[in-house]
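Q: Would you mind keeping the following structure in view while I ask a few things?
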Amino acid sequence: MGRMAWLVATAAFLAAGWAQAQEEGQIVGDPARGKMIFQTICSHCHLTTNQRSPVGAPGLMDVTKRRSEAWINQWLQGPEEFAKRDEIAKKVIASTPTGLIMPAYPEMKDPQKRADIIAFLKTLRSEK
Ligand code: HEC
């Protein structure tokens, strides 16, 4: 296969995958957009290392290893609300040394923005 044909085939393959994901109703997160949201909102409290920040927020390196995407998706919609029905969320809040509780952000009501943030959080991994 020539180089051009290969490029066309690859593009067609990627487009088909994207179309299928849309059809199945999945939202495809964009890590670059997620990074921008992170810098605007989340970085006020969180570090992208494994260090807790001065305000007491846990470092988000490897957070997608210790928590499932479904868990993070629910957490982002309202940490305190979620903690009423989830034991892990309750423990995460109880273990914050400063007593700070993460607020619910209006932007995180948007499923696309949550998917973007989660796609970005997945890039924060100490080893692949
Ligand atoms: C005002 C400070 C603050 C902001 C801003 C903030 N958080 Fe948090 N976050 C916290 C704190 C504090 C915790 C620990 C739990 C608690 O006490 O509420 C936490 C916990 C988390 C957790 C759970 C971590 C774990 O180890 O289980 C995730 C995931 C998270 N935040 C993601 C985000 C994302 C994504 C954003 C941006 C949309 C964000 N946070 C914005 C303060 C903040």
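The values are calculated or read from the model by the stated rules, or taken from the named source; none is laboratory data. Being a predicted model, the structure only gives us computed values, none of them experimental. Note that each Cβ is placed from the backbone with ideal geometry, even for glycine, and that neighbours are counted across all protein chains shown.
Q: Could you list, in sequence order, all residues of the stretch 51-71 that are more than 10 Å from the ligand (Cβ to nearest atom) and over 15 Å from the mean Cα position of the chain (by Cα)?
A: GLN51, PRO54
Q: Which condition does MET102 not pass, out of (1) surrounded by fewer than 11 Cβ atoms within 10 Å (Cβ to Cβ); (2) touching a Ser or Thr at 6+ places or on another chain (Cβ under 9 Å), if it passes all the others?
A: (1)
Q: Any idea which of THR98, THR48 is over 17 Å from LYS122 (Cβ atoms) and either part of a loop (DSSP other than H, G, I, E, B) or more than 7 Å from the ligand (Cβ to nearest atom) (or both)? Full working, then the answer.
A: Numbers: THR48 fails: over 17 Å from LYS122 (Cβ atoms).
Answer to the check: THR98.
Q: So for the stretch 61-71 (the condition being touching a residue at least 60 places away in the same chain (Cβ under 8 Å), on the phi < 0 side of the Ramachandran plot, among the aliphatic types (A, V, I, L, M) and not in a loop (DSSP other than H, G, I, E, B)), does at least one residue qualify?
A: Step one: list which residues in the stretch 61-71 are touching a residue at least 60 places away in the same chain (Cβ under 8 Å), which gives 61-65.
Add one more test, that the residue is on the phi < 0 side of the Ramachandran plot, and what stays is 61, 63-65.
Imposing the further condition that a residue be among the aliphatic types (A, V, I, L, M) reduces the set to 61, 63.
Filter again for not in a loop (DSSP other than H, G, I, E, B), leaving 63.
Checking the stretch 61-71: at least one residue is touching a residue at least 60 places away in the same chain (Cβ under 8 Å), on the phi < 0 side of the Ramachandran plot, among the aliphatic types (A, V, I, L, M) and not in a loop (DSSP other than H, G, I, E, B).
Q: Let me ask something else. Go through (1) more than 26 Å from LYS109 (Cβ to Cβ); (2) at pLDDT below 95 one by one and return the number of the condition THR49 breaks.
A: It fails just one condition, (2).
Q: Conditions: (1) over 13 Å from LEU121 (Cβ atoms); (2) modelled with pLDDT of 95 or more. ALA9 meets all but one. Number of the miss?
A: (2) is the only condition that ALA9 fails.
Q: Would you confirm, using the coordinates I've provided, whether LEU76 is within 18 Å of the chain's Cα centre (by Cα), within 11 Å of the ligand (Cβ to nearest atom) and in a loop (DSSP other than H, G, I, E, B)?
A: Numbers: within 18 Å of the chain's Cα centre (by Cα): yes; within 11 Å of the ligand (Cβ to nearest atom): yes; in a loop (DSSP other than H, G, I, E, B): no.
When the stated conditions are applied, LEU76 does not pass them.
Q: Counting only residues that are in a loop (DSSP other than H, G, I, E, B), within 13 Å of the chain's Cα centre (by Cα) and more than 12 Å from the ligand (Cβ to nearest atom), how many does the stretch 102-128 have?
A: First pass over the stretch 102-128, keeping only residues in a loop (DSSP other than H, G, I, E, B): 102-105, 110, 122-128.
If we keep only those that are within 13 Å of the chain's Cα centre (by Cα) as well, we get 110, 122-125.
Then keep just the ones that are more than 12 Å from the ligand (Cβ to nearest atom); that gives 123, 125.
So the answer is 2.
Q: Run down LYS35, LYS84, LYS90 and say which single residue is among the charged types (D, E, K, R) and either within 8 Å of the ligand (Cβ to nearest atom) or touching a residue at least 24 places away in the same chain (Cβ under 8 Å) (or both). Full working, then the answer.
A: Working: LYS84 fails: either within 8 Å of the ligand (Cβ to nearest atom) or touching a residue at least 24 places away in the same chain (Cβ under 8 Å) (or both); LYS90 fails: either within 8 Å of the ligand (Cβ to nearest atom) or touching a residue at least 24 places away in the same chain (Cβ under 8 Å) (or both).
Matching residue, one of LYS35, LYS84, LYS90: LYS35.
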